[in-house]
Amino acid sequence: MSNILKEKERGSLIVISGPSGCGKGTIIKEYLRTNRDHSWLSVSCTSRPIRPGDEEGVNYYFVTKEEFEKLIKKGEFLEYTEYNGNYYGTPKEHIESRLASGIDVLLEIEVQGALKVKELVPEAICIFVMPPSMRELRDRLVGRGTEDIDKILGRFKTAYKEINEVTKYNYVITNDTVDEAVLKMQSIIISEKCRVDRIEEVYLGNEEEEIHELLRDDKYFVNRDIEI
Ligand code: ADP
Ligand code: 5GP
């Protein structure tokens, strides 16, 4: 138990991007399995059609294009974008309250949205997930079996543009194996908690004299295996 440091208790805003099919969802799911008590994955709104395996309110809030546009007008989004012909947006609601109560907020969003968040919240931790190769990305996209060939082609073309933006992020994780990628994600987040700019106060106590006296006193070393 340490009481020497008083650190900011605010949670971190963590942005995860990467081309469709690189494995973001898989890594985040695995990360949350052991970090759910202090992390929350924001659920975005989208106008894209629901696909096999998607659950309303879990993967997304599915709305029509018209409903999405109404939400934009009402200023409900932290950021939003159009991707492959559909809207995607991060609802503002709940993000600030969770960060303030020490919960890390994870946003799984594409590159334009990530750059917007970085502009609005410069301390956000932006992580780019990279596929091991473009061939492996193709295999994962096809293997997932959730889109038809036209949609896969669209996503694959977008992937090239997205990868060109990697240097605008703070970190990059190559998703070779899920275990290694999750370990890297965990390590990044733990390292960020150790940044000195999270320190609010260093408290050394007021026993300096007493501790010095004790150290000067030979009796302190009696029965101790220390050579003086
Ligand atoms: P994204 O969320 O980035 O679109 P997914 O998490 O849906 O990607 O992963 C796409 C496909 O690749 C899924 O079928 C998933 O099981 C698979 N996958 C993810 N990570 C790996 C990995 N490290 N090795 C092999 N397959 C993976
Ligand atoms: P998918 O259709 O595969 O679920 O998502 C397509 C892309 O949209 C992915 O890159 C995903 O990260 C991104 N995305 C999901 N939600 C949001 C969001 O709220 N904002 C932005 N900018 N992108 C999002």
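Any idea how far the Cα center of region 142-213 sits from the one of region 74-123, in Å?
16 Å
Among ASN59, ASN35, ASN206, which one moves the most in a GNM of the chain with springs linking Cα atoms closer than 10 Å?
ASN206
At 7 Å along the Cα-to-beta-carbon direction for both HIS38 and ASP197, put a label point, then send me their distance in nm to one decimal.
Distance between the two pseudo-spin positions: 2.0 nm.
Taking the Cα atoms of the chain alone, what are Rg (to one decimal) and Dmax (as a whole number) in Å?
23.3, 81
Please check which bits of region 189-205 a label hung off GLU7 would reach, taking the label as a point 7 Å along Cα-to-C-beta and the cut-off as backbone N under 16 Å.
From region 189-205, the list is 189-203.
Which of the lysines could a cross-linker bridge to LYS29, judged by Cα under 17 Å and excluding same-chain residues fewer than eight apart?
Straight-distance partners of LYS29: LYS184.
Cut-off 10 angstrom, C-alpha nodes, Gaussian network model of the chain. Which of GLY102, GLY18, GLY143 fluctuates the most?
Result for the chain, Cα springs under 10 Å: GLY143 fluctuates most.
Considering only DSSP beta bridges whose two residues both sit in the chain, what percent are antiparallel, to the nearest 5?
35 percent
What distance in nm separates the two pseudo spin-label positions at THR26 and MET134, each 7 Å out from Cα along the beta-carbon direction?
Computed distance between label sites THR26 and MET134 equals 2.1 nm.
Rounding to the nearest 10 and keeping the result within 0 to 90°, find how far the Cα-based axis of helix 149-163 lies from the longest principal axis of the chain.
Once rounded, one gets 40 degrees.
Between TYR160 and LYS65, 0.36 nm times their residue separation minus their Cα-Cα distance comes to what?
Taking 0.36 nm per residue and subtracting the Cα distance, the gain is 31.5 nm.
Out of residues 5 or more away from TYR87 or on other chains, whose amide H comes under 5 Å of its own, with H placed 1.01 Å from N in the peptide plane?
Amide H neighbours of TYR87, under 5 Å, 5+ apart: SER47, ARG48.
Every number here is computed from the coordinates shown, using simple stated rules; none is lab data. Everything numeric here is computed off the predicted structure, so don't read it as measured data. Positions of Cβ are backbone-derived with ideal geometry, glycine not excepted, and every protein chain shown enters the neighbour counts.
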